[in-house]
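Undergrad: Dropping a structure here in structure tokens format, bear with me for questions.
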Amino acid sequence: MAICSSCGGSGIKRISEQRFRTCQNCLGRGVLQSVSTSSNSTTARSIVHSFEERAVKPKEVVFKTAATCVSAK
């Protein structure tokens with residue numbers, strides 16, 4: 001882990017004189033974590049895959065419901 005160079009390790013970035021925001025580079029933690037390990041990328045791929053499956057499933061249900069409603073009339 002390395003100290004975030006964007007926020008200096010505080011986790012907060014100054015936007016203007018009286019405005020602050022959470023640092024998006026370190027997500028407010030103040031440190032950067034390496035994500036180059038194969039286990040992290042495998043986990044990320046499986047998470048993305050599960051989201052993609054969830055996104056496709058409702059479309060299938062909508063099409064089946066619409067087809068059933070049309071055939072019932």
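Undergrad: What is the sum of charges around Lys13, taking Lys and Arg as +1, Asp and Glu as -1, for the other residues whose C-beta is under 10 Å from the C-beta of Lys13? Each step should come with its number before you reach the end.
TA: Values: positive: Arg14, Arg19, Arg21; negative: none.
Spelling it out: positives minus negatives among the neighbours equals +3.
Undergrad: Provide the FRET efficiency to the nearest 0.05 for the Ser16-Ser46 pair, computing r from the beta carbons and using R0 = 25 Å. Kindly include the intermediate steps, with their values, before the conclusion.
TA: On the way: r = 41 Å, r/R0 = 1.62.
Approximately 0.05, to the nearest 0.05.
Undergrad: OK, next. If you count, for each residue, the other Cβ atoms within 10 Å and average over each peptide, how do 17-25, 4-12 line up from highest to lowest?
TA: 4-12, 17-25
Undergrad: Along Cα→Cβ, 7 Å out, is where each label goes; now give me the distance between the ones at Ser5 and Gln24 in nm to one decimal.
TA: In this crude spin-label approximation the distance works out to 1.9 nm.
Each value in this text was obtained by applying a stated rule to the coordinates, not by laboratory testing. Remember, predicted model here, so these are calculated numbers, not experimental data. Neighbour counts run over all protein chains shown; Cβ positions are idealised from the backbone, glycine included.
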